[in-house]
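Undergrad: This is the structure, below, for whatever I ask next.
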Amino acid sequence: SAVISQKPSRDICQRGTSLTIQCQVDSQVTMMFWYRQQPGQSLTLIATANQGSEATYESGFVIDKFPISRPNLTFSTLTVSNMSPEDSSIYLCSATLGETQYFGPGTRLLVL
Amino acid sequence: TQLLEQSPQFLSIQEGENLTVYCNSSSVFSSLQWYRQEPGEGPVLLVTVVTGGEVKKLKRLTFQFGDARKDSSLHITAAQPGDTGLYLCAGRSGTYKYIFGTGTRLKVLA
């Protein structure tokens, strides 16, 4: 199994600023994912982050807005850049071990 | 675009009742997973089904994968307040990505 932690757990930010979310896994994993979720709703995949390569973004998400780093097999960051109120959401990271996808507890972001 | 529609969207029932949640798509998936998510936490995997027609049981929860691998159902027998949460299905798209369903919010009243 894998235990995933995220920092910060929540934040309130001003529009136009950027926030970097950290994701730490207690095991070495090849694939990590970043999702966005409105409270009580489904998850939308933002991008897939593999160590040693550029992140792969889903339709509607771009690197300039959501730059991702993946410096090693246990860590990744997602930056939400030039934030607007529409970016208010829960951001979740996950990692796959075998067939199981493990999720972090999420980062709850409010942009004013 | 692959979509997974879940029904019902919301469900509020009394303790002891049975319920079924459906997950439907027009796309074929190589496997399908069910997750439960509680407030303030990430989703937790309940089960993975791979073969068309497959049925898996996890205590009071029964999961079924449709014969054509386009749909799935989750049946809960004698629901308990601890079953309360957001239930999400997720279909495997390609080699590693999962597409998540629209979600079903379940509340079980004591």
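Undergrad: Could you check segment B:77-107 and list, in sequence order, the residues that are among the hydrophobic types (A, V, I, L, M, F, W, C) and more than 23 Å from A:Gln37 (Cβ to Cβ)?
TA: B:Ala78, B:Ala79 - these are the residues of segment B:77-107 that are among the hydrophobic types (A, V, I, L, M, F, W, C) and more than 23 Å from A:Gln37 (Cβ to Cβ).
Undergrad: Go through segment B:2-24 and count every residue that is modelled with pLDDT of 95 or more, surrounded by fewer than 21 Cβ atoms within 10 Å (Cβ to Cβ) and farther than 24 Å from B:Ala110 by Cβ.
TA: 4
Undergrad: Can you tell me which residue within segment A:82-96, out of those that are within 16 Å of A:Ser1 (Cβ to Cβ) and among the small types (Gly, Ala, Ser), is farthest from the other protein chains (Cβ to nearest Cβ)?
TA: Going through the qualifying residues, I end up with A:Ala95.
Undergrad: So, one more: Looking for something of a type in the set (A, V, I, L, M, F, W, C), surrounded by 13 or more Cβ atoms within 10 Å (Cβ to Cβ), in a loop (DSSP other than H, G, I, E, B) and within 11 Å of chain A (Cβ to nearest Cβ) - is there at least one such residue anywhere in segment B:49-61? Walk me through how you get there before you give the answer.
TA: Of all residues in segment B:49-61, those of a type in the set (A, V, I, L, M, F, W, C) come to B:49-50, B:55, B:58, B:61.
Filter again for surrounded by 13 or more Cβ atoms within 10 Å (Cβ to Cβ), leaving B:49-50, B:61.
Now drop any that are not in a loop (DSSP other than H, G, I, E, B), which leaves B:50.
Within this subset, residues satisfying the condition of being within 11 Å of chain A (Cβ to nearest Cβ) are B:50.
Yes, the conditions are met somewhere in segment B:49-61.
Results for (1) loosely packed, with under 15 Cβ neighbours inside 10 Å; (2) in contact with a strand residue (DSSP E or B) (Cβ under 7 Å, 6 or more places away or on another chain); (3) within 20 Å of A:Leu97 (Cβ to Cβ), shown as yes or no for each residue.
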{"residue": "A:Ala2", "(1), (2), (3)": "no, yes, yes"}
{"residue": "A:Gln6", "(1), (2), (3)": "no, yes, yes"}
{"residue": "A:Val25", "(1), (2), (3)": "no, yes, yes"}
{"residue": "A:Gln37", "(1), (2), (3)": "no, yes, no"}
{"residue": "A:Gln41", "(1), (2), (3)": "no, no, no"}
{"residue": "A:Ile46", "(1), (2), (3)": "no, yes, no"}
{"residue": "A:Gly52", "(1), (2), (3)": "yes, no, yes"}
{"residue": "A:Gly60", "(1), (2), (3)": "yes, no, no"}
{"residue": "A:Arg70", "(1), (2), (3)": "no, yes, yes"}
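Undergrad: Select from segment A:97-112 the residues that are surrounded by 15 or more Cβ atoms within 10 Å (Cβ to Cβ), facing chain B (nearest Cβ under 7 Å) and assigned to a strand (DSSP E or B) and list them in ascending order.
TA: A:Gln101, A:Phe103
Undergrad: Kindly check whether there is at least one residue in segment A:56-63 that is on the phi < 0 side of the Ramachandran plot, touching a Cys at 6+ places or on another chain (Cβ under 8 Å) and at pLDDT 95 or above.
TA: Initial filter on segment A:56-63 (on the phi < 0 side of the Ramachandran plot): A:56-59, A:61-63.
After this cut, where a residue has to be touching a Cys at 6+ places or on another chain (Cβ under 8 Å) as well, the list is none.
For segment A:56-63, residues on the phi < 0 side of the Ramachandran plot, touching a Cys at 6+ places or on another chain (Cβ under 8 Å) and at pLDDT 95 or above: absent.
Undergrad: Then there's this: Tell me the residue from A:Cys13, A:Cys93 that is at negative phi and either under 15 Å from the mean Cα position of the chain (by Cα) or free of Cβ contacts under 8 Å to residues at least 12 places away in the same chain (or both), please.
TA: Sole residue among the options that is at negative phi and either under 15 Å from the mean Cα position of the chain (by Cα) or free of Cβ contacts under 8 Å to residues at least 12 places away in the same chain (or both): A:Cys93.
Results for (1) within 11 Å of another protein chain (Cβ to nearest Cβ); (2) closer than 21 Å to A:Asp87 by Cα, shown as yes or no for each residue.
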site	(1), (2)
A:Arg10	yes, yes
A:Arg15	no, yes
A:Gln24	no, no
A:Val29	no, no
A:Tyr35	yes, yes
A:Ile46	no, yes
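The values are calculated or read from the model by the stated rules, or taken from the named source; none is laboratory data. None of the values given here were measured: they were computed from a predicted structure. Here Cβ is always computed from backbone atoms with ideal geometry, including for glycine, and neighbour counts include all displayed protein chains.
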